[in-house]
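Asks: Got a structure here, written out as structure tokens. Questions coming.
We did not get these values from a lab; they are worked out from the coordinates using the rules stated. Predicted model, so just to flag it, every value in this text is computed and none were measured. Here the Cβ positions follow ideal geometry from the backbone for every residue, glycine too, while neighbour counts run over all protein chains shown.
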Amino acid sequence: MNNVYIKKQDSYILEDVVSSVREILLWGGIDKKISADTTILLKPNMLSKSSPDRAVTTHPSVVEAVIILLKEFGAKAENITVADSSGGPQNPMILAANYKVCGFADVASRQGVNLYTKLESKTVRTDGVMVKEFELIAPAVDCDIIINLPKFKTHVMTAMSGAVKNLFGTVPGLKKAEFHMRFPDKDNFSEMIVDLCETVKTDFTIVDGIVGMEGDGPGSGIPRKFGIMLAGENPYTIDGAICSMMGFELTRPPIMNAAVKRSLIGENFDSALLCGDTEMFRPIDNFVKPQSYRVDFSDRVPRAIRWATPTVEKLLAPKPKINKSACIGCGNCRDICPQKTITITDGKAVINMKNCIRCFCCHEMCPVKAIDVKRNIFFNI
């Protein structure tokens with residue numbers, strides 16, 4: 001099913017969210033897929049140890065509402081697992097602390113469900129374009145049903161973070177950094193993400209867009225109330241709807257462009273696929289895109305020299321820049337950097353730009369928003 005259900009939802013009051021999610025899940029026929037023996041993975045966005053008010057992670061009320069309804073449909077609490085693998089070094093204590101701050105630990109305690117903290121992973125062979133084998137967190141391999149619970153956010157590397165990109169959280173901890181090293185180019189990286197999406201076959205997706213993020217997401221953007229949830233079986237059509245609402249051409253975000261090239265989605269989002277509160281589907285007024293995606297460089301290049309665009313665009317691409325006054329020297333950026341190009345000197349982070357691949361992992365993981373995206377002056381002309 002390629003349809004996308006859009007639901008107006010103005011608050012995170014649990015009773016109200018349960019009502020909206022019930023409508024969504026019944027529309028999707030999830031109640032008919034659940035039995036007492038069904039094992040279920042709920043995959044929220046848990047990018048980092050961030051409180052729900054920062055809009056970096058999926059709100060715990062959305063996760064709890066889904067759990068309540070799965071149990072109502074007949075699932076046993078012990079067969080439901082909430083799992084994500086944040087970026088950076090991982091151990092059970094770090095992962096448990098992340099769940100706690102994000103609000104998922106309290107949800108799991110109230111509802112009696114499992115949290116993935118054992119760091120177990122399994123290798124899966126795949127018929128991908130860029131990757132033939134993925135190491136994945138065990139629940140993503142072992143469960144019967146995967147319900148994807150991403151956040152409606154921007155992303156400085158991939159323009160947007162939605163249903164497809166959220167599945168990068170099924171790759172364990174620092175294994176993510178290895179993929180950034182293997183695929184420093186955003187287009188190749190995005191092809192890998194599509195390979196991953198085709199490997200981790202989700203059964204249903206609900207996007208938390210009640211309060212999402214604009215600007216330089218996914219970790220340092222601006223929280224903004226959008227008052228919506230989007231849902232469906234096909235992660236590509238869901239992301240197509242998000243693209244349209246954010247004001248992107250469908251082929252502008254590299255993940256979506258990779259999906260278009262594989263005919264996983266058309267070049268334009270078909271609004272006829274929408275169901276539910278369709279009046280909520282419209283371009284968001286004054287939406288702030290990531291600095292790295294506010295201008296399409298090729299539009300400014302004379303046709304005669306467009307052959308050189310990729311090289312020139314790479315030279316002029318935005319870069320991460322440390323805000324020394326805000327940096328607390330915690331070392332998160334150093335630990336997550338796939339190129340090991342960041343050091344802590346005199347209590348402040350320092351980036352060796354010669355080796356930087358501009359993956360912006362440091363920007364994503366900074367807990368105090370001390371890493372900015374520096375645009376070349378050319379793009380401000």
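Asks: Which shape class, rounded, prolate or oblate, goes with the stretch 136-269 when its Cα gyration tensor gives a ≥ b ≥ c as root eigenvalues, a/c under 1.5 marks rounded, and past that a/b bigger than b/c marks prolate?
Replies: Numbers: a/c = 1.27, a/b = 1.17, b/c = 1.08.
Because its axes are fairly even, with a/c under 1.5, the stretch 136-269 counts as rounded.
Asks: Once phi is turned into θ = phi - 60°, what whole-Hz ³J(HN,Hα) does the Karplus curve with 6.51, -1.76 and 1.60 give for every residue of the stretch 272-279, x standing for Gly and Pro?
Replies: Using θ = phi - 60°, the values come out as 5, 6, 6, 10, x, 7, 5, 5 Hz.
Asks: Continuing with the same structure: In the chain, if the dipole is taken from +1 on Lys/Arg beta carbons and -1 on Asp/Glu beta carbons about the Cα centre, which of PRO172, MET192, ASN332 is farthest to the positive end?
Replies: Working it through, the farthest residue towards the positive pole turns out to be ASN332.
Asks: Of LYS8/LYS153; LYS319/LYS369; LYS8/LYS201; LYS32/LYS71; LYS153/LYS201, which sit over 19 Å apart, Cα to Cα? Before the final figure, lay out the partial values.
Replies: Values: LYS8/LYS153 17 Å; LYS319/LYS369 15 Å; LYS8/LYS201 27 Å; LYS32/LYS71 13 Å; LYS153/LYS201 22 Å.
Result: LYS8/LYS201; LYS153/LYS201 exceed 19 Å.
Asks: Please report, in debye to the nearest 20, how large the charge dipole of the chain is about its Cα centre when each Lys and Arg carries +1 at its beta carbon and each Asp and Glu carries -1 there. Could the numbers behind the result be given before it?
Replies: Values: 47 positive and 43 negative charges, 318 e Å.
The calculated dipole for the chain is roughly 1520 debye.
Asks: Over the chain, what is the relative contact order in percent, taking alpha-carbon pairs closer than 8 angstrom and at least six residues apart? Intermediate values should be presented prior to the final figure.
Replies: Values: 793 pairs, mean separation 71.5, N = 381.
Relative contact order, the chain: 19 percent.
Asks: At a Cα cut-off below 16 Å, give the aspartates and glutamates reachable from LYS321, other chains included and same-chain residues fewer than 8 away excluded.
Replies: Answer for LYS321, where 16 Å is the Cα cut-off: ASP216, GLU364, ASP372, listed by chain and number.
Asks: Rg (Å, one decimal) plus Dmax (Å, integer) for the alpha carbons of the chain?
Replies: Cα only, the chain: 19.9, 64 Å (Rg, Dmax).
Asks: When the chain is treated as a GNM, springs tying every alpha-carbon pair under 10 Å, which of ASN188, ASN332, ASN286 comes out with the largest mean-square fluctuation?
Replies: Among ASN188, ASN332, ASN286, the largest GNM mean-square fluctuation belongs to ASN286.
Asks: Pairs LYS186/LYS340; LYS33/LYS76; LYS165/LYS348: which exceed 21 Å Cα-Cα? Mind dumping the intermediate values first?
Replies: Values: LYS186/LYS340 19 Å; LYS33/LYS76 13 Å; LYS165/LYS348 30 Å.
With Cα atoms farther than 21 Å apart: LYS165/LYS348.
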